[in-house]
Amino acid sequence: MSILRIELRRSAAAGAALLAFAVGVAALYLAGGRWADGWLPLALTMKEYLLLLWPIALAAGAWQGRREHRAKVGELFDTTPRSPLRRMLPVLVAMGATLGLAYVLVVAAGGVQLASTASYFPPDVVAIVLVGALSLVAATWLGLGIGRLLPALLTAPVLAVAGVLLVFFTAVMQPDWLAAVLSPAYGSGSFYPFQTIDAGVTAALAIWMVGLALTGVLLLVVRGRRALLAAALPVLLGFGAAAAIVPRDEAALVAPIDPVARELVCTDDAPKVCVTRVHANVLDTLAPLAREGLAVLAKLPNAPTQAHEERRAYLTEGPPARDLDVVTMNIRIDERGGLAHPDAVVPEMVFGLGTGYSDMRCDRNGAVERAAAYYLLGREPVSAVEAIPEMIQEDPEITVEAVALWQGLQKLPEAEALSRVTAVRDAILACRDSTGLLSR
């Protein structure tokens, strides 16, 4: 333990860990909106940031690995009776443990914010985070081995650049199962808040990283050409074992779903408002707004009586069976984990006139639907860019036409205007063109 304390003080372990921690925390909080939905998005975001942290660990290991060469004491230490492995064990533990701990502490720093807002903690998060920490240990030990083998001054910076390229290009290579084995950042692109990493992918990555780590240890302690060739054995065996168990199914490789996170949590009273379990913390804030939207839609015959959060996984699922009793909502979470853009909840519910999921195969007349929706809302249409936070641009002619159609509805008796709005709703349900239904 005394030798380990000395290594912690004199080696690059503490400095590298502090650098990794600072970079990780800065990256997290500069993009807090990416992981504010909950623990799964946090784990995936941290997995993506291995693009930054893995090269740091690799370069730090390489810098430390050339210490004996730099101090010109390699031959002196080789004459001691202590085996190379026992002699290198303290530096292996010091470097690996501090970099792995730095990764866990970065996740904990993000968890401080989530602790008061995220109501669902999936068990997958633990495995994903632990394997992420293991990957930094593997990078550090591999860097130590390469640094001892190639003790040049440029080794560490070259490895840092190579590490970035390796993590990135292996993450996007084809086929997907090969990328899942080779890249510690694979699967980190988050498309919906209930996305996770398949347990088979996590296990395969863990095996591959163990192989890399053992190869790094052998490169650090073995001597002679034959021994160096034997150092390639762990990485080959690790790749073979990982390739054997990694899933080949696209549903397990490309943005898989945590079914528990996607379960609905609903209000006890009516009208029922439901959100996914991962967003249960905003249900109390959302319920009054959703019920206001339901009250607006209630002006139509056979209007929906429930509001549910949109739960589709857009990359892997098609449109589900339409439920006319349910209107769907898109929920956005702000950087502090609360409901973002509450003013947009009611307009978005009314857009589409309560028809639920949109079918992209149907031709939709945006101006007609906008005018009908704003008639129900009781105010003049505005651009979708103003009403919907995620809209970037829109043809201004749509808004001009919607305003003209809305003004025409205002001049009609209420019963006739509602009849025309209902006709637009029915056209949407039947996948028919609604052009002319408001101005006939």
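The values are calculated or read from the model by the stated rules, or taken from the named source; none is laboratory data. Being a predicted model, the structure only gives us computed values, none of them experimental. Using ideal geometry, Cβ is built from the backbone for each residue, glycine included, and neighbour counts are taken over all protein chains shown. To get the accessible areas, we keep the full protein, side chains included, count just its heavy atoms, and leave off ligands, DNA and RNA. Shrake-Rupley method; radii C 1.70, N 1.55, O 1.52, S 1.80 Å.
Laid out as a table, the results:
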read-out	value
Listed residues Ala251, Ala261, Ala16, most fluctuating in the chain (Gaussian network, C-alpha, under 10 Å)	Ala251
Net charge of Cβ neighbours under 11 Å - reference Val273; Lys, Arg +1; Asp, Glu -1	-3
Given [x] 58; [y] 61; [z] 66, the label whose value is percent of Cα pairs over 27 Å apart derived from this model	[y]
Sequence-separation-based contact order of the chain, relative, with Cα cut under 8 Å and 6+ spacing, percent	14 percent
With DNA, RNA and ligands ignored, accessible area of Asp395 (1.4 Å probe; Å², nearest 10)	80 Å²
³J(HN,Hα), Karplus 6.51/-1.76/1.60, whole Hz, each residue of the stretch 28-34, x for Gly, Pro	4, 7, 6, 10, x, x, 6
Most mobile listed residue (Glu310, Glu348, Glu416) in the chain, GNM with C-alpha springs under 10 Å	Glu416
Heavy-atom accessible surface of the chain: percent carbon and sulfur, 1.4 Å	63 percent
Per residue value of the accessible surface for the chain (all protein chains in place, 1.4 Å probe), Å²	47 Å²
Cut-off 11 Å between beta-carbons: net charge of the residues surrounding Thr422, Lys and Arg +1, Asp and Glu -1	+1
Cβ-defined net charge surrounding Pro175, 11 Å radius [Lys, Arg +1; Asp, Glu -1]	-1
Burial ranking of peptide ranges 195-202, 158-165 (average Cβ count within 10 Å, highest at the top)	195-202, 158-165
